[in-house]
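One structure below.
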Amino acid sequence: MGITDLRPAVPELRALANPGWLGDPSFFLDQLRPVGLLQRSLETERQPDWSFSSNEEAWSAILGEHVRASRLVHLSGFYLSEWSPRSPGVFHTRAGEAYRANAIRDIIEEPYEQDLAWIDHAEPREFEREVYGEGGALKYMRIFNPSGKLQMLRGGIGCIRLRRHTIGGEPAWPMSASSTLSAHEGLPLCVPDDLYQATIDSVASNGVSYCDSIIGTLRYVPDFLGDLYLMPDVPPVYLAVEEIRPGRPPDPVDYSKAMVSVAVSFESRSRLLGPRGMVFATYVTFFPGVKGSLQRRRDWLRDAYVAGRYEGKVISDFDEQVPRFGDAPFSLLRVLEGSVDIRELARPVSGDSTVRRALELYRDIHVTVSGDLVMGGKSVDESTVINIQNSTIHGPVAKTIQDSFNVVSTASADEDMKRLLGELHHAVAAMLEQAKAQGVVTEEEEETVARDLEALAREAVAANPRRKWYQLNAESLRDAATKLGEIGTPVLDVTARVLALLA
């Protein structure tokens, strides 16, 4: 079915922001919150064990402060997912429930509902009966206008996917465990690299993986946003996983019904919607167990909904592992690297006092976290951070990348070029770290990539860059990234942008 009747529906719109005013900074604070994981977790005296068999039980105990940090927790019969709630626990609060109830008033009516329902949620033909149910009624989802979508996000809908980070002093992967097939209802996890490698194939294949038990210690995330965070009072916690026991569910499960919702914010350029620069939030739901589902939903969200329906441009994303919107200035990749540039954000966002204060606190974390080095000690809107220490990259390779990074930071070159080269150093370091963790790169190959990066960077910031040499080094860098598959995608993207700027 083609994309039809996607006319801008002016009466249905309530902006997240208009020029000069940001209506709800909590969306952007949520985008910054994962940085708290980079701080050392708060520990208290070890407490007795506690067991849960459902999301409701676990969050009721956490929200009611019956179970606290340093408690050993057993989760029985939960599904493991590589997607984590972007607002953990909010789904189970009274406020979250009220927000979702309010969203029902903002359902898109005909002629949009059936078109968007099909495009947004039911592209795979085999889901037609499941999504619509008997008689054609929507069974799983309703289609909301931007106001309704924002209400749903406030109600705890939405997930993010992060890379491996040093969390609590150890390398770990943020994941989640849910007793349902919806990850946003579950608990955030930090899974050690060995357990992640042992389970990720099953998760990636089926979308989620059923576990007889998941055992870990409850930890508090240092809440660097403090009073700035305006969402319901939910303790910022995660489960530091110590053991995962895979199993089989007691009843047959159709893993293709596992669903993940992912959110973005975007700046509208349509005069039909009001003054240019108004900011909206939206999300889309995909089926992680269905091949290509995420890519199709991403394409629809970007091309038909944001660009086509609202003449908009995405300014934030939801995936640090594989950035889905390469030029999003508030991407998770840039948030976790510390390279957010406030000058690139929409004016309602960059001008909001709450967001600006949050970015100052965010910069302080990136300056003080062990292993993070700030290029030139610049301010928040100019800072670029690279994390080489405490990673799997060390020795001559780490030194080459760091030395090259420092050359770029002190060069008297174009600021846009320096920013792009900073992104490239981050991308290469992250690519090599993942490749090293997966055992798919040799030390010799690591050194070659680092040397190519250094040579490209030095030529790019030279007074008169020599085309022959920077193209040669860029091609070698792209060959290495291509061989590494998906983890090399960010390097390919940034290298292409560097070459375009040089040209």
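Brief remarks follow.
- In summary, strands (runs of 3 or more DSSP E) completely within region 236-329 and bearing 3 or more residues that are in contact with an Asp or Glu (Cβ under 9 Å, 6 or more places away or on another chain) and in contact (Cβ under 8 Å) with a residue 60 or more places away in the chain occur at 260-268, 279-286.
- Whenever a residue of region 386-410 is modelled with pLDDT under 65 and outside any loop (DSSP other than H, G, I, E, B), its partners that are surrounded by 14 or more Cβ atoms within 10 Å (Cβ to Cβ) and among the aromatic types (F, W, Y), lying with C-beta atoms within less than 8 angstrom and at least six residues away or across chains, give the pairs I386/F405.
- Residues in region 154-213 that are touching a residue at least 60 places away in the same chain (Cβ under 8 Å) and of a type in the set (F, W, Y) were compared, and the one that is nearest to S81 (Cα to Cα) is Y210.
- Checking S205 against (1) over 14 Å from P288 (Cβ atoms); (2) in contact with a helix residue (DSSP H, G or I) (Cβ under 9 Å, 6 or more places away or on another chain); (3) not in a loop (DSSP other than H, G, I, E, B), the condition it does not meet: (1)
- Qualifying residue in region 370-377 (condition: on the phi > 0 side of the Ramachandran plot, assigned to a helix (DSSP H, G or I), at pLDDT below 75 and more than 17 Å from the chain's Cα centre (by Cα)): yes
- For region 340-358, a residue qualifies if it is in a helix (DSSP H, G or I) and touching a residue at least 60 places away in the same chain (Cβ under 8 Å), and the qualifying residues are R347, P348, V349, T354, V355, R357, A358.
- Selection within region 163-216 - of a type in the set (A, V, I, L, M) and surrounded by fewer than 21 Cβ atoms within 10 Å (Cβ to Cβ): L195, A198, I200, V203, A204, I215
- Qualifying residues in region 270-294 (those that are surrounded by fewer than 17 Cβ atoms within 10 Å (Cβ to Cβ) and modelled with pLDDT of 80 or more) - the one nearest to P25 (Cα to Cα): G292
- Filtered residues of region 295-319 (kept if buried (at least 22 other Cβ atoms within 10 Å of the Cβ) and hydrophobic (A, V, I, L, M, F, W, C)): L301, V306, V314, I315, F318
- Test: residue in region 16-29 that is modelled with pLDDT of 85 or more and either basic (K, R) or surrounded by 22 or more Cβ atoms within 10 Å (Cβ to Cβ) (or both): no
- In the condition set (1) at pLDDT 95 or above; (2) charged (D, E, K, R); (3) more than 14 Å from E185 (Cα to Cα), E82 is compliant with all but (3).
- Checking P222, P188 one by one, the residue that is over 26 Å from T285 (Cβ atoms) and not in a helix (DSSP H, G or I) is P222 and no other.
The values are calculated or read from the model by the stated rules, or taken from the named source; none is laboratory data. What you see is a predicted model, and the numbers here were worked out from it, not measured in a lab. In this analysis, Cβ positions are derived from the backbone assuming ideal geometry, glycine residues included, and neighbour counts consider all displayed protein chains.
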